[in-house]
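Undergrad: Okay, handing you the structure first.
Bear in mind these aren't lab numbers, they're just calculated from the coordinates by the rules spelled out. Predicted, not measured: the structure shown is a model, and the values here were computed from it. All Cβ positions, even for glycine, are placed from backbone atoms using ideal geometry, and neighbour counts span all protein chains on display.
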């Protein structure tokens, strides 16, 4: 009897161990805690954890899109929020130095979610009235390894400037940059985020700032050289003290996954987040409610879809663009 109990305990222990190992653990990368990526990732993780018992998801704050693409490749992340331009550069091993010759070819698309305008703004007392005035100024250009960093570099390029032309190219988290702007320790900021980002709202609430439009000729330059950019108008009143609209360029916030994730898990997540619980997904942030629909979820998708996501879109009757066709 004692031997039988020991055998039964061993069998039960093995079964429990096998059950535990069957659970899929997913870390979702985002960006700074004051941006829109972080609450979006947290919201997605919450939906997954509440509805898929065999999947455990955790969202973390990161340095941004460039870091996230690299972390997908190394296996430190299994899903991530990422700018569509950075996803394209990373997957193809171009433009961004980190990926030249070392592509993040494990990146797979799941959905484009909302446009992310490039916000450029300065303290009113800085004397800056145009991006052309940034020469010699202290300007926040995004965290190291972020999509903001690339956007800042490209917008400055349109004005014939580089980071070396700035008085100081300031790095760090957006929340820290907003505080530096408030304290007068920097003159201006680049920040790529959905309209209503808390970091930008914080800066506008605490400091007299001026939003700097990107002139139409510069927008044309950016759209021709960098095809991910689209022109967008930020409506008046989006931030305190912003009494008129201004034009800028935007990229797309994109949800991506690792090719190493099983097709079944990604299919379940896509169906859950983008269909069964889409109202909960849209409730995460107003910008998602305003812009996301499954019918438009592949607009601007620049990398191959994960085969699990592709199955979901095929079931929904959504045509998959050539650039997004799965490759495995």
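Undergrad: Could you compute the FRET efficiency for residue 216 and residue 97, with r as their C-beta to C-beta distance and R0 at 22 Å, rounded to 0.05?
TA: The pair residue 216/residue 97 has a calculated efficiency of 0.15.
Undergrad: A further question on this structure: At a Förster radius of 22 Å, what calculated FRET efficiency corresponds to the Cβ-Cβ distance of residue 224 and residue 325, to the nearest 0.05?
TA: 0.30
Undergrad: If I take every Cα pair under 8 Å that is 6 or more residues apart in the chain, average their sequence separation and divide by the length, what percent do I get for the relative contact order?
TA: Values: 668 pairs, mean separation 70.1, N = 328.
Averaging sequence separation for qualifying contacts and normalising by length gives 21 percent for the chain.
Undergrad: Evaluate E = 1/(1 + (r/R0)^6) for residue 206 and residue 244, where r is the Cβ-Cβ distance and R0 equals 35 Å; express this FRET efficiency to the nearest 0.05.
TA: Details: r = 21 Å, r/R0 = 0.60.
The value I calculate is 0.95.
Undergrad: Quick check on the range 117-251: take the gyration tensor over C-alpha atoms, sort the square-rooted eigenvalues as a ≥ b ≥ c, and tell me if it's rounded (a/c under 1.5), prolate or oblate.
TA: Judged from the Cα gyration tensor, the range 117-251 comes out rounded (a/c under 1.5).
Undergrad: Report the label-to-label distance for residue 279 and residue 163 in nanometres (one decimal), using points 7 Å from each Cα along the Cα→Cβ vector.
TA: Result: 4.6 nm between the two label points.
Undergrad: For labels at residue 51 and residue 185 in the simple 7 Å Cα→Cβ model, what's the distance in nm?
TA: Using points 7 Å along Cα→Cβ, the separation is 4.3 nm.
Undergrad: Using only Cα atoms and rounding to the nearest 10 degrees, what angle (0 to 90) does helix 216-225 make with the longest principal axis of the chain?
TA: 40
Undergrad: Taking the Cβ of each residue in 185, 108, 123 as the centre, tally the other Cβ atoms inside 10 Å and list the residues starting with the fewest.
TA: Fewest-to-most ranking of 185, 108, 123: 185, 123, 108.
Undergrad: OK, next. Calculate for the chain the 222 nm mean residue ellipticity that helices alone would give, adding -39,500 (n - 2.57) per DSSP H run of length 4 or more and normalising by residue count, nearest 500 deg cm²/dmol. Don't skip to the answer; put the middle values down first.
TA: Values: 12 runs with 124 residues, N = 328.
Using -39500 (n - 2.57) per qualifying helix, the result is -11000 deg cm²/dmol.
Undergrad: Also, I was wondering about something else. Considering only DSSP beta bridges where both residues belong to the range 117-251, give the percentage that are antiparallel (nearest 5).
TA: Approximately 75 percent, going by the DSSP bridge assignments.
Undergrad: If you don't mind, there's one more thing I want to ask. Mind pulling the angle between the C-alpha long axis of helix 37-51 and the longest principal axis of the chain? Nearest 10 degrees, somewhere in 0 to 90.
TA: 20
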